[in-house]
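Have a look at the structure below, then the notes.
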Amino acid sequence: MIRVNERVLLCLSLTAAEPWPENATLYQPLKGEGFFSSSCSLYHLQTYLRMCGLPVQVVCRPNAEYMSPSGKIPFIHVGNQVVSELGPIVQFSKAKGHSLSDGLDDVQRAEMKAYMELVNNMLLTAELFIQWCDETTVSQITRHRYGTPYSWPLNLILAYQKQWEVRRKMNAVGWGGKTVDQVYEDVSQCCQALSQRLGTQPYFFKIPTELDALVFGHLFTILTTQLTNTELLERVRSYSNLLSFCRRIEQTYFESKDS
Amino acid sequence: MAAPDELFCWEGDWGLPSVSTDCLVVLAYAQFAGAPLKVRKICNPWRSPSGSLPAFRTSQKETLSRTSDIIIHLRKQKFNADYDLSAKEGADSLAFISLMDEKLKPALIYTFWIEPKNYVDVTRRWFAEHMPFPLNFFLPGRMQSQQLEKLRLLQGDERLEAGEELEKELYRDATECLNLLSQRLGSQKFFFGDSPSSLDAYVFGHLAPILRCKLPNGKLQQHLKSLDNLANFCSNILLLYFPRDGRDGCSQKSPPQPDAGDFDNVPSKRRKQLLSAVVALGAMLGYALLTGIVSIQHVQQEALEEPPDLEDMGSHEEEGDG
Amino acid sequence: MGTVHARSLDPMPMQGPELGVQADDIEAPGVQQEPKQEVLENKDVVVQQVHIDGLGRTKEDLLTYEIAEVFRAKNLIDVMRRSHEARQRLLRLGIFRKVEVIIDTARGEHALPNGLDVTFEVTELRRLTGSYNTMVGNNEGSMVLGLKLPNALGRAEKMTFQFSYGTKETSYGLSFFKPQPGHFERNFSINAYKVTGQFPWSSLRETDRGISTEISFPVWKTNQTLKWEGVWRELGCLANTASFAVREESGHSLKSSLSHAMVIDTRNSSILPKKGGLLKIHQELAGFTGGDACFLKEDFEIQLNKKLFWDSVLSASLWGGLLLPLGVEKTSIADRFYLGGPTSIRGFSMYSMGPQSDGDYLGGEAYWAGGLHLYTPLPFRPGRGGFGDLFRTHFFLNAGNLCNLNYGEGPQAHLKKLAECLRWSYGLGIVLRLGNIARLELNYCIPMGVQSGDRICDGVQFGAGIRFL
């Protein structure tokens, strides 16, 4: 979900003049912990910051989810502000003078925002569903991974608590009664829409924007995460232009920097 | 085709075929796609096959509740309003529907169910007046807490409460969404050319209640009215596809209504006040009598003619009365 | 020879609030003697029978221990004294509302000429008592419901349940207490609770859900307590403006700890004592029975009181503590010590001393605090003998320090660190005693040695609490 927190806007108005500091830090949970939703947020945020050319250090903390002001991970700690979620971070970096979507006209910006919501609405919710509402995945992978930083019996209590919370959310958005196959269908539909929009272009619009970062984050996560079955992977792989899009972004922004 | 599918939905008001967004979406899509539906307008969600409205009963007696499921079902029955769309337009449809779900829906929930003045003056009154007895006493309140819970889950904040801060945040997102929709629509009749599609149905379903309903706190309404192309879009659809309801809505605004309203209110209010005062007094008096705080003593005439040895008792009685 | 009734005193619960008359201030009941009974004082008597009337669900074997001493009385004064003591012991169990003692000559076939029968007439407490309070505080209201089952199974077991439902937080607690029959000081209890607390000085919100079991027993003059506690702690920021150091501590953790406490208390009262001293040493070891938190915590409390001329009392106290992390991780903000405020170093704001970050106080791993007080009666002694006795004037001098230690260095370096940056304050004020549990203070304080980052409250400061430096 992309929301602009009131507090973020207050901070923006006060610190717009300061440049991006060198010691900006990005906090994420421990490597194995959140798997889907946390690693995808990590990728799309890192991609976005790299696209803007903003340096950031990555720190892993087991309680990153609780440290974040909105409960969403990852979040960045810049100067003395803490900002979480892609939307507010985009606004924040815009206030500091770094923006990717300035070159777009109004109609294109409307489309970009709509597609970002599409990804959030369908892909993110589908990932949460598969991670927490699909019994096989939950019992074999998720619960164990979520509870690793804690000792018994806290690891079980927290895992069950989170599962119950996510189930409630699914019921609220109307996904409560869906089966896993229906969710896979929705993912396919979303990927098809993205694939159609992308076509043969290198990026969704003329220049890389936050939409590219977001789509890359989600797709890369799905492509690289090990699940109990490979159906989701297969469905995403069937869209070749999306695959090459991911590879392109990975090569441009991640491999060159690492080397 | 076999027996037509049935759609149970909320009743309409203010010139709309239904007051609920989801019901409007389904009704609009069915009209656009030309699907023959048997529409049952009810005000009692307990009488619907799924316990909530809208509810769609197919000819195979299967019940669907989600709007997306209903539209998919209609599409499978070859009633497809998106037939003429290109692949890119279909993708855009999906994107804009998601945009409305994320940005506009929370604001709608807030406007109708959480904002105190709107809820008490409009929403609760409408549901209480239209629902049968005894549901009208508790069901609106229950629906409100369900909607608050839903908003809390959507926003991800368990401690969310109605207030100016929340209103500002939600309305900001909603106005941005409305602006984006307006930009996308431009000067066209429908979003994708000359024939309406599922995106038009969704937009109509979300915008029509805001436009038509008279809300005391109508910030969103004002903004929407300022976007001419969206306002015309909604009126256009009403005129073309729901002419009967539009006309009913107009005829309801006939002159006797304001007077009738006042006239109705005053005597019934007085009556209610008088009745409640009488009941309260009667209850207190009854309690006092039953517990003996107040007791009524009968002084019998015969007591004064009692034989002399009971004179003491007689005098005591008199003292008691005095 | 008539019967002698011991004077009934008001019932006293075994541990807990006692508002009003002080037990220590009351002397043993006087004896109403008829001139004829002077002879009886010197005469040997034998207590032949002791009856206890009015028992319902209480089991008799529990009570035999309490009244055993009565049989050993040799003369009448002794009988009365021992029965008074037995009555105290019976009331201390907390299962009787009223105990009356009747001493009469022995009757029946086996009655000796100098035999006595002692009868304790007891009224048991009701099986279930409830209480309901509403409390209103800063922007918050709550409803507290309490249920108590005294003497649940007949041997002075006590079960209590408390539930507090507030506009902001809810909390509850369930506890079960069982003393050993005959040795009331040896007891064990089990508690389960959920408590939420808000700490504005650290911008921290803490929710604890835990279970604990504890055993107490006396050893020579001391009272020892062993406790195991398992707590699930959830920390969060109180406001979005909390500093990052506090934000880093948010999250869940599990603490499973064993602790031991030793208490020697020879004071005559715990609030405003006139004589005696207190030594309390407490240590807690966490992490070796499970859980995430791993540390060793030591703290001690010493207090000495001496009565001076003119009804004034000089009191000196010293507190100190040390928290040693044993694992790899840093200590949690919920385990550290806090100092400052009207109950410790007066003149400083509540817990607003020591290491801090952006105005949020993080607590420290080592501290010490000392106080020197002179308590005198109110000047001109208004209301003497009654209400005025609850008030005292006091002059105080407090000093202390709270800091984090570098554990790599030796003890010399630690002592040096604790001694530098010393904060101290002095002043005078009025103390009001509330029964035997709490005290209110209104002081005029002058803080000195204030370090940057501390928040002071110089001038008039009001304090209410149970444990004061």
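The values are calculated or read from the model by the stated rules, or taken from the named source; none is laboratory data. Just so it is clear, the model here is predicted, and its values are computed rather than measured. Here the Cβ positions follow ideal geometry from the backbone for every residue, glycine too, while neighbour counts run over all protein chains shown.
Computed quantities for the displayed model
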item: In the range A:65-83, residue surrounded by the fewest Cβ atoms within 10 Å (Cβ to Cβ) [restricted to those that are under 15 Å from the mean Cα position of the chain (by Cα), within 11 Å of chain C (Cβ to nearest Cβ) and of a type outside the set (Phe, Trp, Tyr)]; result: A:Gly71
item: Candidates C:Glu185, C:Glu157, filtered to the one that is under 24 Å from the mean Cα position of the chain (by Cα) and crowded, with 17+ Cβ neighbours inside 10 Å; result: C:Glu157
item: Verdict on A:Gly87 being among the small types (Gly, Ala, Ser) and on the phi > 0 side of the Ramachandran plot; result: no
item: Residue within the range C:203-212 that is modelled with pLDDT of 90 or more, outside any strand (DSSP E or B) and either in the same structural domain as C:Ile95 (by the TED database) or not β-branched (Val, Ile, Thr) (or both) present; result: yes
item: Condition met for A:Gly147 (more than 14 Å from chain B (Cβ to nearest Cβ) and touching a His at 6+ places or on another chain (Cβ under 6 Å)); result: no
item: Members of the range A:88-111 found to be surrounded by fewer than 21 Cβ atoms within 10 Å (Cβ to Cβ), assigned to a helix (DSSP H, G or I) and within 13 Å of chain B (Cβ to nearest Cβ), listed by number; result: A:Gln91, A:Asp106, A:Val107, A:Gln108, A:Arg109
item: Test: residue in the range C:290-305 that is surrounded by fewer than 21 Cβ atoms within 10 Å (Cβ to Cβ) and of a type in the set (Gly, Ala, Ser); result: yes
item: Condition check for B:Glu176: touching an Asp or Glu at 6+ places or on another chain (Cβ under 8 Å), within 11 Å of another protein chain (Cβ to nearest Cβ), surrounded by fewer than 20 Cβ atoms within 10 Å (Cβ to Cβ) and of a type in the set (Asp, Glu); result: no
item: Some residue of the range B:47-66 being within 22 Å of B:Ser182 (Cα to Cα), within 12 Å of another protein chain (Cβ to nearest Cβ) and of a type in the set (Val, Ile, Thr); result: no
item: Residue pairs meeting the criteria (Cβ under 9 Å; at least 6 apart or on separate chains; first more than 22 Å from B:Leu104 (Cβ to Cβ), in the range B:135-156; second of a type in the set (S, T, N, Q)); result: B:Leu135/B:Asn44; B:Leu139/B:Asn44; B:Pro140/B:Thr123
item: Set A:Leu54, A:Leu128: member being surrounded by fewer than 22 Cβ atoms within 10 Å (Cβ to Cβ) and in the same structural domain as A:Leu198 (by TED's automatic domain parsing); result: A:Leu128
item: Number of positions in the range B:179-210 that are within 9 Å of chain A (Cβ to nearest Cβ) and in contact with a Lys or Arg (Cβ under 9 Å, 6 or more places away or on another chain); result: 2
item: Residue, modelled with the highest pLDDT, within the range B:66-113, restricted to residues that are among the small types (Gly, Ala, Ser) and under 14 Å from B:Thr21 (Cβ atoms); result: B:Ala107
item: Residue check for B:Leu53: assigned to a helix (DSSP H, G or I) and surrounded by 17 or more Cβ atoms within 10 Å (Cβ to Cβ); result: no
item: Candidates B:Glu176, B:Glu164, B:Glu169 - the one that is out of contact with any helix residue (DSSP H, G or I) (no Cβ under 8 Å at 6 or more places or on another chain), within 19 Å of B:Lys219 (Cα to Cα) and assigned by TED's automatic domain parsing to the domain that holds B:Leu227; result: B:Glu164
item: Where A:Pro62 falls short, out of the listed (1) more than 22 Å from B:Glu158 (Cα to Cα); (2) within 14 Å of chain C (Cβ to nearest Cβ); (3) touching a Ser or Thr at 6+ places or on another chain (Cβ under 7 Å); (4) not hydroxyl-bearing (Ser, Thr, Tyr); result: (3)
item: Subset of the range C:222-262 that is in a helix (DSSP H, G or I) and within 8 Å of chain A (Cβ to nearest Cβ) - its residue that is farthest from the chain's Cα centre (by Cα); result: C:Phe244
item: Near pairs, Cβ below 6 angstrom, 6+ apart or cross-chain, from the range A:172-197 (free of Cβ contacts under 8 Å to residues at least 24 places away in the same chain and facing chain B (nearest Cβ under 7 Å)) to any residue that is outside any loop (DSSP other than H, G, I, E, B) and buried (at least 18 other Cβ atoms within 10 Å of the Cβ); result: A:Ala172/B:Lys150; A:Ala172/B:Leu153; A:Gln196/B:Ala91
item: Residue among B:Ala107, B:Ala81, B:Ala87 that alone is within 18 Å of B:Pro196 (Cβ to Cβ), among the hydrophobic types (A, V, I, L, M, F, W, C) and either within 12 Å of chain A (Cβ to nearest Cβ) or crowded, with 23+ Cβ neighbours inside 10 Å (or both); result: B:Ala81
item: Index of the failed condition, A:Trp152 passing every other in (1) under 27 Å from C:Val328 (Cβ atoms); (2) within 12 Å of another protein chain (Cβ to nearest Cβ); (3) surrounded by 15 or more Cβ atoms within 10 Å (Cβ to Cβ); result: (3)
item: Hits in the range B:185-215 - residues which are aromatic (Phe, Trp, Tyr) and assigned to a helix (DSSP H, G or I); result: B:Tyr202, B:Phe204
item: Test result for A:Thr225, within 29 Å of A:Asn63 (Cα to Cα), among the polar types (S, T, N, Q), more than 14 Å from chain B (Cβ to nearest Cβ) and surrounded by 15 or more Cβ atoms within 10 Å (Cβ to Cβ); result: yes
item: Meets criteria (more than 12 Å from chain A (Cβ to nearest Cβ), of a type in the set (Asp, Glu) and under 23 Å from C:Leu362 (Cβ atoms)) for C:Glu214; result: no
